[in-house]
Amino acid sequence: MNKNKEKLLAKRYSSEKRFQFLGKSAIFMALLFLAIFIFKIFSTGYTAFQKTWLIVPVNFDAETMYLDANPSKEDLEDADYFEISLQSMFNLDKNANEKQQNELKKMVSYFFEREIKQELINDPSLLGKTKDVYITASDDLDQVFKGNYPRDLPENQRRVTDYQLKIFDQLVEQGKVESKFNLSFFTYPDSREAELAGIASSFMGSIFSILVCLAIAFPVAVLAAIYLEEFAPKNRFTDFIEVNINNLAAVPSIVFGLLGLGILLAVFQLPRSTPLVGGITLSLMTLPTIIIACRASLKAVPPSIREAALAMGASRMQTTMHHTVPLSMPGTLSGTIIGLAQALGETAPLILIGMVAFVNTIPGSPMDPAASLPVQIYIWAESAERGFVEKVSACIMVLLGFLIVMNLFAQIIRHKFEKKWS
């Protein structure tokens, strides 16, 4: 008997060790894949936070710009900067022929004329003088400077010509090429040119969409949860509602996109590609999540709280609104924030309602056309240019940071206001 017991005990210990090993292996594999994912995203995207500038001497000749000696601010705004902008690039190689001059012009972004114009508007005393101006390099030269461009390929397989590489290398040797923090990535809207593309439009679109989603989903979900948990009679109808709420929480998000397309756009004729429609669509998707979280928080409040309030003469409404709901609010808020974080990362429903459109303006309200961060990632991922590849990873980094902050905020709220019941 003792030997059988020892065998059974050894078998149980061995089974427990195998289970622990499998559990630790699963955790290790999960952390390994997470580390690979983070490394891949960061190694590809960190260069997007740096921008390459060419330092080009510009002669602000008043006669070329058709200005008098003392121009007003309006005159500077309306002046012709095209000739001095071109000439500043052509002066990088004064012996360049017409074809080479065209290649010189393509070494910078099409925005270079505005950058030169802004330099003079910021400092009108430069009129008649020559100054080194920082001009945004083209996305191809930006990748060359960052070491992401294959220079060993034949010229006919590259977007950068040998002549452009020659001039660029000369500028590097002269210290006329610098890399600085890419502030425009956060302040510029989307662009067809990778060197000018930013996330300002999609970021504001996500903010407006989440605010609309919060304004609609939170009060409706909380009121529905309070009624179902505290006031609704327990019958087949309420059971039917509860089952459907749980089912809606598992419905694929693209179904809500179809609902938004068929109802909000086709029936109610709301403006297409706007955060208003996106927020309403996301609120429909988030409602079940918040209702379930709120009901779980209400159930967690001890019955003794309700009984004590009723014993002191409080009505059922007073008991619910003055005691039960405030005590359940930490869990409700954390569930709401997690639901909003999930909505923030959704792409499929927003694509169906038209938020995938190219928008190169920053929205000022939920009624203005805009994209969102997940949709921006989708748009840039379809672009073949190397400059957009790093911006996709950088945008993912921003979105992950946003999601981490929201989830951290939810945990802080829970731990700060949550009460432990013994």
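Of note:
- Candidates GLY128, GLY354, GLY257, ranked by Gaussian network fluctuation over the chain, Cα under 10 Å, top entry: GLY128
- Checking every one of the trypsin sites (Lys or Arg not before Pro) in region 1-108 against DSSP loop status and a limit of 13 other Cβ atoms within 10 Å picks out LYS94.
- Taking GluC sites (Glu not before Pro) as exposed when DSSP calls them loop and at most 16 other C-beta atoms lie within 10 angstrom, the chain has its longest site-free stretch at 194-381.
- Accessible-area value, LYS166, 1.4 Å probe, nucleic acids and ligands omitted, Å²: 110 Å²
- Once exposed loop chymotrypsin sites (Phe, Trp or Tyr not before Pro) are cut out (DSSP; at most 10 other Cβ, 10 Å), longest piece of the chain: 1-267
- Sorted largest first by accessible area at a 1.4 angstrom probe radius, with every protein chain in place, the residues ASP93, ASP78 fall in the order ASP78, ASP93.
- Applying a length cut-off of 30 Å (Cα extent along the axis) and a mean Kyte-Doolittle floor of 1.6 to the DSSP H helices of the chain leaves 200-226.
- Three-way shape label, region 69-219, alpha-carbon gyration tensor, a/c 1.5: oblate
- Taking amide H atoms as placed 1.01 Å from N in the peptide plane, the amide H of ASP132 lies under 5 Å from those of VAL58, each 5 or more residues away in sequence or on another chain.
- Surface calculation, 1.4 Å probe, protein heavy atoms: ILE413 sits at approximately 20 Å² accessible.
- Long pairs among LYS131/LYS391; LYS94/LYS176; LYS117/LYS166; LYS105/LYS131; LYS94/LYS146, criterion Cα-Cα beyond 24 Å: LYS131/LYS391; LYS117/LYS166; LYS94/LYS146
- Rolled with a 1.4 Å probe across the full set of protein chains, the surface gives LEU352 an accessible area near 50 Å².
- Relative contact order [Cα under 8 Å, 6+ residues apart], the chain, whole percent: 19 percent
- Candidate lysines for bridging to LYS17, where Cα separation is under 26 Å - those fewer than 8 sequence places away on the same chain excluded: LYS3, LYS5, LYS7
- Evaluating 6.51 cos²θ - 1.76 cosθ + 1.60 at θ = phi - 60° for every residue in region 49-60, the Karplus couplings come out as 7, 10, 10, 8, 10, 9, 8, 10, x, 10, 9, 7 Hz, glycine and proline recorded as x.
- Qualifying trypsin sites (Lys or Arg not before Pro) in region 338-422, where qualification requires a DSSP coil assignment and no more than 16 other C-beta atoms within 10 Å, comprise LYS419, LYS420.
- Accessible surface, 1.4 Å probe, highest first, among residues MET321, MET285: MET321, MET285
- Per residue convex hull volume, Cα atoms of the chain, in Å³: 272 Å³
- Each label was represented as a point 7 Å from its Cα along the Cα-to-Cβ direction; for ASN148 and LEU400 these points are 1.6 nm apart.
- Candidates MET317, CYS213, PHE82 compared by Cα position along the dipole of the chain: farthest toward the positive end lies MET317, with charges placed on Cβ.
- As a ratio to 2.2 N^0.38 Å, the alpha-carbon radius of gyration computed for region 143-286 takes the value 1.79.
- Computed about its Cα centre, the charge dipole of the chain is approximately 3680 debye, with only Lys, Arg, Asp and Glu carrying charge at their Cβ.
- Region 200-417: Cα Rg divided by the 2.2 N^0.38 Å rule of thumb: 1.16
- Of the trypsin sites (Lys or Arg not before Pro) found in region 187-257, those in coil by DSSP whose Cβ has at most 10 other Cβ atoms within 10 Å are LYS234.
- When all protein chains stay in place and ligands, DNA and RNA are ignored, the 1.4 Å accessible-area order of ASP140, ASP152, largest first, is ASP152, ASP140.
- Å² of accessible area per residue within the chain, as computed with a 1.4 Å probe and no ligands counted: 55 Å²
- Label point at TYR227 placed 7 Å out along Cα→Cβ; residues across region 237-265 whose backbone nitrogen lies under 12 Å: 238
The values are calculated or read from the model by the stated rules, or taken from the named source; none is laboratory data. Quantities reported herein were computed from a predicted structural model and do not represent experimental measurements. Backbone-built Cβ (ideal geometry, glycine too); neighbour counts: all protein chains shown. SASA here: full protein model, heavy atoms, side chains in, ligands and nucleic acids out. Shrake-Rupley method; radii C 1.70, N 1.55, O 1.52, S 1.80 Å.
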